[in-house]
Amino acid sequence: CERTVLVRNVGDRASKLLCKTTAPFSIEVPDGFLDEGAACQVSIFFTPPRAESYECDLHIKYGEMEAVATLRGQACNAEVSLSHSLLLIEDTYVGLESQGVVTIRNDSDAPIDFSWRLFASTMEEAQHRLALHQQLKAEEMDELLFMQQANFSEDEESDSGSDGERRRLRTERKVTKLLGRKYDSIMKAVEEDPMLFRDGIFKIEPLSGRLWPHTQVTCACCFCPKDALVYCATAYLSAVGQEDRAPLVLKGLGIGPKATFSYDELDVGNVFVESAHRYEVQLLNQGDIEVDFRLVHREGKFAPRFKFTPDHGTIAVGGQCEIVVDFKPKELGQFHEVFEWALQGRTTAVTLAFRGTSVRPKFEFDVDKINFGTVSFGFLNSRMLTLTNTSEVPCYYTLMVKGDEAPPSNEFEIIPSRGTLLPNCAQRIQVDFISSTEKKYDTRLSVDLEGVGKELLSIPIFAQCAVPTVSFEPHGCLNYGDVFIRYPFHQSLYLHNTSVLPAKFMVEAQEDKSKAEFEPDQWVGTVPPCASHVITVTLTAHTAGPLRIPMYVKIMGRDVPFPLVLVGNSVGPRVVVDPPNLDFGNVKCLEPITRHVRLTNFSCIDASVRAFMNERKSLWTVHPKVIHLSPQETLQLALTLRMDETCQSVDTLNLIVAEGDDLTVQVRGKGGATAADTPVTCEEELDFLDFGTHFTTQTCCREIIIKNHGQFGRRLSWSKDKDKDKKNKDKKE
């Protein structure tokens with residue numbers, strides 16, 4: 001409410017004017033200046049917050065003086081009313097819009113400004129603004145702290161000097177200033193927000209306006225539901241002159257799409273596991289709006305085996321959608337699966353159910369049991385049978401041998417152990433059995449179907465494993481006698497099987513092969529029932545000397561192998577020399593004479609012989625000194641004697657046989673075939689010395705070199721032959 005008063009200066013001088021009062025009274029222009037005798041109008045506003053009486057003082061200061069006037073006002077509610085306090089809008093399909101109207105009537109004599117508000121009072125609006133201010137303040141602090149931390153991390157990576165610190169402070173001030181501007185503008189928008197009514201489902205038009213005296217205005221309330229739910233919202237009418245805001249409750253029901261399946265449940269009866277089936281169903285739109293449908297996936301034993309095409313889509317008004325259902329069960333048993341289809345805008349789903357029983361394919365063996373009877377340990381036994389698929393679907397089978405006491409995995413082999421059986425087809429199956437345990441077998445052959453189940457069919461397997469009795473000849477020892485080193489020698493070992501079952505043997509590998517090595521002609525073999533078997537064992541010695549080599553023969557099924565000892569004496573090559581003594585007789589001094597001895601290798605291996613004389617400075621020489629003799633080979637060994645004295649000489653020829661027995665040959669000889677035979681020699685003939693022609697009375701000399709090749713010193717004497725001198729004298733005369 002507004003009142004205007006006239007203020008006049010009745011004094012004799014100009015004065016400054018100042019007017020003051022308190023709420024709910026206010027002055028439009030509280031100060032001014034009045035000349036002598038001048039006047040001005042002062043507008044006083046009365047804005048009461050509640051419907052009650054108010055009284056306040058109006059203080060008018062002029063110069064150093066003050067005048068006081070009393071302001072009184074009585075507040076009452078304006079006659080503004082709503083046609084409805086509860087507006088029920090008719091049911092509306094999801095996605096469509098309906099309207100309801102409400103009338104605001106002004107029966108007062110003054111124009112009224114109105115608006116639709118979100119809150120019931122100004123106090124709630126103030127509280128909401130305060131909460132928004134606090135939230136914005138917290139967000140500003142969080143963002144500022146984050147920016148400071150990010151800026152500090154970047155500065156630490158770049159540099160930490162004074163320049164970096166100044167740069168960081170400048171950046172921090174800049175960030176703080178920018179954030180302050182940002183949040184100041186947001187807070188200003190919050191302060192200026194009139195908090196008019198807003199809602200995602202309901203809408204009122206107009207939200208504000210002016211209502212002239214004794215008139216009315218109609219507001220349209222729009223309802224646009226998003227789901228098939230009951231919606232309710234409250235808008236508050238704020239009218240100038242009204243202490244309290246008038247509430248308007250808006251209510252409406254959203255109607256969802258309407259759709260149904262051509263059938264709600266389908267009983268598919270008995271279906272074979274792993275068989276493919278296809279069904280068709282129609283989803284019909286029975287409403288007045290489009291239907292957006294979607295399959296809600298669910299977990300269940302059989303639910304993953306159903307596939308729907310399409311599983312989502314849109315159906316126009318009055319239309320329908322054909323959905324193809326593919327079903328391929330992989331489990332056995334009864335099923336009742338209910339699938340929910342969500343319709344957009346509708347809280348309840350439409351359902352489609354399938355019920356039935358998944359049964360296994362029918363298959364059978366052509367025998368009711370597998371009986372191997374009594375079998376020998378370690379031998380292969382086979383049985384044949386036929387597996388037939390009598391159903392209309394293929395079978396992916398796996399065959400296994402199972403039992404309370406499962407046999408070792410390597411005893412039974414099934415060929416083939418897995419595969420696919422087409423409808424009304426058969427497969428020949430071979431069951432191989434090699435027993436590795438002496439016991440009675442009572443197990444079963446079972447059939448598993450992939451993705452269906454375990455042990456869906458089984459037949460018993462019977463067998464009795466026995467170990468035959470085998471004796472050895474010779475018992476405990478194989479005697480090889482003398483064996484040449486590195487030369488193979490053979491002996492026979494006889495195995496006698498006295499039982500009606502075949503026996504299998506195995507010669508165990510030799511551990512220590514340093515002295516000798518054995519090798520049987522069969523490391524593994526069989527002995528027929530009631531028969532004998534021969535094993536040829538080859539022994540090769542590596543070192544000379546007596547041999548005792550252990551060998552073990554294991555009869556399959558026996559815990560302890562049969563022990564044997566290979567006995568022998570390892571010898572080197574046998575070389576014989578002939579003759580063992582060699583006499584050279586009387587030998588002319590300094591003339592070499594050669595005699596021969598014969599070396600013979602009477603063994604099966606090569607012989608290496610080294611020959612040398614016993615004396616270091618022997619008168620005998622031997623050739624060759626290194627001899628290689630092949631088996632049964634004979635070689636002539638040359639011994640050469642060169643006597644240097646006229647005496648008896650004796651020596652020994654040593655023959656070193658590698659890895660064999662050493663041999664010796666005694667040799668002797670005597671120097672001097674005649675009495676004049678000596679080891680003294682002269683390079684010139686001493687029978688006649690020719691001094692040539694010389695002058696008389698002159699002495700002529702001739703040097704003669706005489707060598708002593710003997711082992712002892714000799715005295716030489718010269719004498720004239722008197723008979724020759726006389727003959728020479730007679731010739732001269």
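Only the coordinates and a few stated rules stand behind these numbers; no lab work does. If you're wondering where the values come from, they're calculated on a predicted model, not measured in any experiment. Neighbour counts are summed over all protein chains in view; Cβ atoms, including those assigned to glycine, are modelled from backbone coordinates with ideal geometry.
Express the relative contact order of the chain as a whole percentage, based on alpha carbon pairs under 8 Å and six or more residues apart in sequence.
Once normalised by length, the contact order is 7 percent.
Go through the range 49-57 residue by residue and turn each phi into a ³J(HN,Hα) via Karplus (6.51, -1.76, 1.60, θ = phi - 60°); whole Hz please, and just put x for glycine and proline.
x, 9, 7, 7, 8, 9, 9, 9, 8
Going through the range 1-93, which trypsin sites (Lys or Arg not before Pro) have at most 16 other Cβ atoms within 10 Å and a DSSP loop state? Present the calculation step by step, with values, prior to reporting the outcome.
Numbers: sites: Arg3, Arg8, Arg13, Lys16, Lys20, Arg50, Lys61, Arg72; in loops: Arg13, Arg50.
Sparse-neighbourhood loop trypsin sites (Lys or Arg not before Pro): Arg13, Arg50.
Taking the Cα centre of the range 1-71 as origin, sum charge times position over the Cβ atoms of Lys and Arg (+1) and Asp and Glu (-1), and report the length of that vector in debye to the nearest 20. Can you show the working numbers first?
Details: 7 positive and 11 negative charges, 17 e Å.
Here the size comes out at about 80 debye.
Which ordering of Ser262, Ser53 is given by a fewest-first count of other beta-carbon atoms within 10 Å?
Listed from fewest to most nearby Cβ atoms, that is Ser53, Ser262.
In whole Hz and in residue order, list the ³J(HN,Hα) couplings for the range 205-212 that follow from phi through the Karplus curve 6.51 cos²θ - 1.76 cosθ + 1.60, θ = phi - 60°; x for Gly and Pro.
With the stated coefficients, the range 205-212 comes to 9, x, 7, 8, x, 10, 10, 6 Hz.
Going by a ≥ b ≥ c, the root eigenvalues of the Cα gyration tensor, does the range 255-346 fall in the rounded group (a/c under 1.5), the prolate group (a/b larger than b/c) or the oblate group?
Because a/c hits 1.5 or more and a/b exceeds b/c, the range 255-346 counts as prolate.
So what's the angle, to the nearest 10 degrees on a 0 to 90 scale, between helix 122-158 and the longest Cα principal axis of the chain?
30 degrees
Using +1 on the beta carbon of Lys and Arg, -1 on that of Asp and Glu, and nothing else charged, what's the dipole of the range 81-254 about the Cα centre, debye to 20?
Taking the Cα centre of the range 81-254 as origin, the dipole is about 360 debye.
On a straight-distance basis, which aspartates and glutamates could pair with Lys670 in a cross-link, Cα separation under 18 angstrom, same-chain partners fewer than 8 positions away excluded?
Once the sequence-local aspartates and glutamates are set aside, what remains near Lys670 is Asp583, Glu591, Glu615, Asp644, Glu645, Asp651.
Can you find, among Thr22, Pro225, Ser471, the residue sitting farthest towards the positive end of the charge dipole of the chain, where Lys and Arg contribute +1 and Asp and Glu -1 at Cβ?
Checked the options; the winner is Ser471.
What does the helix-only formula give at 222 nm for the chain: each DSSP H stretch with n ≥ 4 adding -39500 (n - 2.57), the total divided by the residues, and the result rounded to the nearest 500 deg cm²/dmol?
-4000 deg cm²/dmol
Using +1 on the beta carbon of Lys and Arg, -1 on that of Asp and Glu, and nothing else charged, what's the dipole of the chain about the Cα centre, debye to 20?
The dipole magnitude comes to about 3980 debye.
My understanding is that a pair violates if its Cα-Cα distance is over 25 Å; which of Lys625/Lys707; Lys137/Lys226; Lys513/Lys554; Lys588/Lys617; Lys588/Lys707; Lys328/Lys454 do that in this structure?
The answer is Lys625/Lys707; Lys137/Lys226.
Given that just one value was derived from the coordinates, which of [x] 10, 14, 14, 13, 13, 11, 10, 8, 5, 2, 0, 0; [y] 14, 36, 30, 16, 3, 0; [z] 14, 38, 29, 13, 5, 0 is P(r) over Cα pairs in 20 Å bins from 0, in percent?
Derived directly from the coordinates: [x].
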